[in-house]
1. Please list, ordered by residue number, the helices (runs of 4 or more DSSP H) wholly in the stretch 132-221 having 2 or more residues that are at pLDDT 95 or above.
2. Out of curiosity, is Ala100 open to solvent by less than 10 Å² (accessible area, probe 1.4 Å), away from ligand 2 (no atom under 16 Å from the Cβ), within 16 Å of the chain's Cα centre (by Cα) and closer than 24 Å to Leu24 by Cα?
3. Out of curiosity, is Ala25 away from ligand 1 (no atom under 16 Å from the Cβ) and either more than 29 Å from Pro139 (Cβ to Cβ) or in contact with a Phe, Trp or Tyr (Cβ under 8 Å, 6 or more places away or on another chain) (or both)?
4. Would you mention how many residues in the stretch 35-50 are of a type in the set (Val, Ile, Thr) and over 18 Å from Arg183 (Cβ atoms)?
5. Quick test for you: out of Asp79, Asp84, pick the one residue that is within 18 Å of Leu179 (Cα to Cα), acidic (Asp, Glu), in contact with a strand residue (DSSP E or B) (Cβ under 8 Å, 6 or more places away or on another chain) and buried (at least 16 other Cβ atoms within 10 Å of the Cβ).
6. Would you be able to tell me the number of residues in the stretch 1-16 that are outside any loop (DSSP other than H, G, I, E, B), under 13 Å from Ala89 (Cβ atoms) and open to solvent by less than 10 Å² (accessible area, probe 1.4 Å)?
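The values are calculated or read from the model by the stated rules, or taken from the named source; none is laboratory data. Being a predicted model, the structure only gives us computed values, none of them experimental. So basically every Cβ, Gly included, is an ideal-geometry build from the backbone, and we count neighbours across all protein chains shown. Accessible surface areas use protein heavy atoms only, side chains included; no ligands, DNA or RNA. Shrake-Rupley method; radii C 1.70, N 1.55, O 1.52, S 1.80 Å.
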Amino acid sequence: MRTIAVIALKGGSGKTTLAAHMALAAHLRGLQTLVADVDPQRSASEVMTAREAEGPRCVTVSGAGLFAAQLAAVGSGVDLMVIDTAAGAVEDVGQALVLADLALLVVRPTLLDIAALARTWEIVRRLNKPALVVVNQAPVPRGGVEAPVVKRALRALDYLRLPIAPTILRNRAVYQTALETGRSAEEAADATAAKEMAALWTYLAPLAFAERDGPTEAAEG
Ligand SMILES: Nc1ncnc2c1ncn2[C@@H]1O[C@H](COP(=O)(O)OP(=O)(O)O)[C@@H](O)[C@H]1O
Ligand SMILES: [Mg+2]
C-alpha cells in the first residue's frame, strides 16, 4: 500500500480538490482507494459522501489517528491512501508527511502562496520525503502563452529549486462542479479538464508506487 499526502499551509490552494481527484483517479483505474480526511472541515468526506456511484472509501481521522488508519488500511487491502490535510495544521501535516510515500504541495501561482510554500518545503525537506509541487488554479494560457503571473510563479519555484509537476492544473469551473456530486473531472463532460487530471495522475502514480526500501514494504511482508 502507498500513501499520498496533500499539503499546503495556505487555505484555498486546492488541497481537497487535488486529494479528491487523485483518489478518484486511482479508484477509476481499479485501485482500492481510501481517503483519510484530517481536515476538521471535512470537505473531502462531503465530496465522497455526495458520490452516487461506487467510489473511494473515506475515513475522518485526526492527525494523531493517521498511523492507526494507515495500518488498518494495509490490513484491509487498500492499495492507495490519500490524506487530505487542513490549512495551517502544522502538526497534522507533520504526521501526514511521516506516513507518506509521496507528498503533494499544492500552490496557486501567486507570490504569497509560494512564500508560504517555502515554509512547508522546509518541513518536507527535513523529513526527506519524495515531494512534488502541483501548481493549481492557474489561468488557462492564451494562444499557447502563459499568463505573466504564471510565468513569474514558475520562475520563483525554479529559483527555490522545487520539483514541479509537469502538469499545471488550470482554473476550471468543472473541478468545482464535478466534486459537488462526488465525481472527478475525468467523469464529467469536459475533455480538456479530464485530460489534465489524467496527465497529472499518470505522472504521479509511478512516483507514489516506486520501489523503495522502508517500513511500507516491511508492513506488506
Ligand atoms: N483548479 C481549480 N479550478 C477552479 N476552482 C478550483 C480549482 N482548485 C480549487 N478550486 C476551488 O477553490 C476553492 C478551494 O479549493 P479547495 O480544494 O477546497 O482548497 P483547500 O482544500 O486547499 O482549502 C474551492 O471552491 C474549489 O472548488
Ligand atoms: Mg480542503
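1. 148-159, 173-180, 191-208
2. Yes: the conditions hold for Ala100.
3. The answer is no for Ala25.
4. Total meeting the criteria: 1.
5. Asp84
6. Of the residues in that region, 3 qualify.
Yes/no per residue for (1) at pLDDT 95 or above; (2) acidic (Asp, Glu); (3) crowded, with 24+ Cβ neighbours inside 10 Å; (4) closer than 25 Å to Glu91 by Cβ:
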residue	(1), (2), (3), (4)
Ala26	yes, no, yes, no
Ala44	yes, no, yes, yes
Arg51	yes, no, no, no
Gly55	yes, no, no, no
Ala69	yes, no, no, yes
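Each row is one residue, and each column tells you yes or no for (1) in contact (Cβ under 8 Å) with a residue 60 or more places away in the chain; (2) in a loop (DSSP other than H, G, I, E, B); (3) over 19 Å from Met197 (Cβ atoms); (4) within 10 Å of ligand 2 (Cβ to nearest atom).
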residue	(1), (2), (3), (4)
Gly30	no, yes, no, no
Val35	no, no, no, no
Ala44	no, no, no, yes
Val47	yes, no, no, yes
